[in-house]
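Notes for the one structure printed next.
Computed from the coordinates by the stated procedures, all read-outs in this text should not be read as laboratory data. The shown structure was predicted, so the numbers you read here are calculated from the model rather than taken from an experiment. Neighbour counts run over all protein chains shown; Cβ positions are idealised from the backbone, glycine included.
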Amino acid sequence: MPKVTEYITFIPGQDEDLPDSHAYVIGQHNSKDLTLVDAGLMGKGAYKLGAIQKEGLSLADIKRVIMTHTHFDHIGCLGEIRQEIPGIELWIHEAEALPLEEGDERTVYGMEAFRSMCQAQFRLKSSDFSFPVNRKLQGGEELHIGGLTWEVLHIPGHSLGSIALYNQADKVLIPGDVVYADFAIGRFDLHGASGPILGESLAILAELDVEILLPGHNSIIEDLEPDYIQKTANMWESYLT
Ligand SMILES: [Zn+2]
Ligand SMILES: [Zn+2]
């Protein structure tokens, strides 16, 4: 079920022993101004781009990648995608843009154990995740892209620069790894993470009117029950102190 709405194409992650984030292509197709939200794990670039083309979308129409955050399971195949779509822009929150430009990979790997495991498994060198950032987001922006309007919300806690994209017209929320289906939330033990701050970010998301929840992993929900995010926040409240 790759098409969520007329203007959102869902490219499911292909988890193996490491998770591969979902990716979403947003934008009206005739706008030729499409946006890829998140990329995926190292080695998954060809799969993601192939899946996008199978949906009838042209890679040349993809103008930018917006990262919900820069953990390796989301940004791992960005380099592969940049090779196939030259000139594609990278937009991320400023809190993760500056480290990425400087080659500080602590956010990418989250913890030392992941860094050594990933570098061995994928034969990566230090600073393989050093990218120029075209637009540094702060939260609060209204993005008019691909014929649609998306609000950017800064929702740290899972990582320093986690953002959500919210389309009010169709009640669509893309929250990255902050909140998932099945009342799950993102982990808050990695570099730059914080339980209490994650709780504050869940409270921000709980204010939104959301019908379609498109998280970074696991199931997507197309008929979200009212107050789902508030209920999820309540369930986790005692763990987020
Ligand atoms: Zn993830
Ligand atoms: Zn993450």
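Things worth noting here:
- Each label point was placed 7 Å from the Cα along the Cα-to-Cβ direction; for Ala46 and Ala60 their separation is 2.4 nm.
- Separation of the Glu151 and Ala184 label points, Cα + 7 Å toward Cβ, nm: 2.7
- Each residue, Asp209 and Gln53, gets one label point 7 Å from its Cα in the Cβ direction; the gap between the two is 4.1 nm.
- Translational diffusion coefficient (Stokes-Einstein; Kirkwood radius from C-alpha pairs) of segment 107-241 at 37 °C, 0.692 mPa s, in µm²/s: 205
- FRET efficiency for Asp223 and Glu16, using Cβ-Cβ distance with R0 set to 35 Å, rounded to 0.05: 0.70
- Of all DSSP beta bridges confined to segment 3-239, the antiparallel ones make up roughly 65%.
- Applied to segment 196-204, the Karplus parametrisation 6.51 cos²θ - 1.76 cosθ + 1.60 on θ = phi - 60° returns per-residue 3J(HN,Hα) values of x, 6, 4, x, 5, 5, 4, 5, 5 Hz, with x for Gly and Pro.
- For segment 79-125, the set of trypsin sites (Lys or Arg not before Pro) satisfying both a DSSP loop assignment and a count of at most 14 other C-beta atoms within 10 Å is given as Arg123, Lys125.
- In segment 169-241, one over the average inverse separation of all distinct C-alpha pairs is 12.3 Å, which is the Kirkwood hydrodynamic radius.
- For Lys63, the lysines whose Cα comes closer than 21 Å to its Cα, not counting residues fewer than 8 places off in the same chain, are Lys3, Lys32, Lys44, Lys48, Lys54, Lys136.
- Counting only Cα atoms, the size of segment 3-239 along its three principal axes is 44, 42, 31 Å, in decreasing order.
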